[in-house]
Amino acid sequence: MVLIVITISAFFGLMIFVIPQIGKILTDLGGPDAELPALTQAMLGISGFLTSYWYIILPAIIGGTILLLRYIKTPKGKSQFHHIVLKIPGIKTIVMKVAVARFARTFSALMGAGVAVLEALNVTSRAVGNVVYEKALTDAAEEVKNGATLSSVIDKSSLFPAIVPQMLAVGEETGQTDTVLVKVADFYEEEVDVAIDGLSSIIEPVMILIMGSMVGLIAASVMGPIAGLAQNIKG
């Protein structure tokens with residue numbers, strides 16, 4: 001988040017404060033009728049738009065962000081957001097592992113404390129932190145209530161890796177569901193740490209690459225017309 005904020009701030013800072021000064025210098029050197037490369041014209045155009053309408057763009061971005069965050073907090077918005085998150089490559093894997101780890105940890109703790117299966121499922125569904133998983137566990141509770149085993153219900157859901165229903169089946173057969181799920185929770189908590197470290201190691205160079213690309217574009221948009229002016233002077 002820090003890198004993203006820095007990148008966005010750097011973009012607006014360059015466009016609002018740096019590019020206009022560069023445009024003025026180029027105009028002074030080449031005159032108002034100087035033909036500038038397409039890249040330079042595009043950069044100056046974006047900069048001019050942001051400089052002219054910043055008092056509209058800035059409140060629009062802030063207001064849009066606030067409205068989006070408020071919408072996500074509503075039941076409908078939260079449901080849509082959680083469904084979308086589970087479709088984003090990379091993020092999807094982490095969210096699923098976090099939800100599975102929370103399910104296994106919470107459900108095992110409740111079962112170990114002697115809480116009934118149906119009550120444990122209802123409590124766990126609200127603890128996983130994802131509406132999609134909450135609904136899946138609520139539906140599972142209904143099927144368990146009708147006589148199905150939890151492992152067979154979980155096995156039919158694509159939200160849970162194959163190891164979860166398999167371990168649940170072992171726990172149901174041996175009467176040690178809580179002990180078995182603790183091991184599942186430990187495994188997926190470690191997986192989450194590894195996945196987050198991997199994602200962080202990817203995001204950092206990507207953000208640096210984006211910032212470097214912005215600086216490179218600005219440098220290219222400046223050096224192009226300067227080189228052209230130098231050629232005209234030599235001619």
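The numbers here are math on the coordinates, done by the rules we state, and not lab data. None of the values given here were measured: they were computed from a predicted structure. Backbone-built Cβ (ideal geometry, glycine too); neighbour counts: all protein chains shown.
Leu68 meets each of the listed conditions (1) in contact with a helix residue (DSSP H, G or I) (Cβ under 8 Å, 6 or more places away or on another chain); (2) exposed (fewer than 14 other Cβ atoms within 10 Å of the Cβ) apart from (1).
Only one entry of Leu110, Leu118 meets the criterion of being over 23 Å from Ile84 (Cβ atoms), in contact with a Lys or Arg (Cβ under 9 Å, 6 or more places away or on another chain) and either in a helix (DSSP H, G or I) or among the small types (Gly, Ala, Ser) (or both), and that entry is Leu118.
Show me the helices (runs of 4 or more DSSP H) entirely contained within the stretch 9-101 in which 3 or more residues are more than 30 Å from Leu121 (Cβ to Cβ).
Values: elements: 19-30, 38-73, 75-85.
Answer list for the stretch 9-101: 19-30, 38-73.
Rundown of residues vs (1) closer than 14 Å to Asn122 by Cβ; (2) of a type in the set (Ser, Thr, Tyr), yes/no style:
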site: Lys135; (1), (2): yes, no
site: Thr138; (1), (2): yes, yes
site: Ala141; (1), (2): yes, no
site: Lys145; (1), (2): yes, no
site: Ala148; (1), (2): no, no
site: Ser158; (1), (2): no, yes
site: Ile163; (1), (2): no, no
site: Leu168; (1), (2): no, no
site: Gly171; (1), (2): no, no
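Being part of a loop (DSSP other than H, G, I, E, B) and without any contact (Cβ under 8 Å) to a residue 12 or more places away in the chain is the filter; apply it to the stretch 132-176 and report the residue that is surrounded by the fewest Cβ atoms within 10 Å (Cβ to Cβ).
Gly147
Suppose the filter is free of Cβ contacts under 8 Å to residues at least 12 places away in the same chain, farther than 30 Å from Pro20 by Cβ and in a helix (DSSP H, G or I); does Glu190 pass it? Considered against the rule, which asks whether it is free of Cβ contacts under 8 Å to residues at least 12 places away in the same chain, farther than 30 Å from Pro20 by Cβ and in a helix (DSSP H, G or I), Glu190 comes out as yes.
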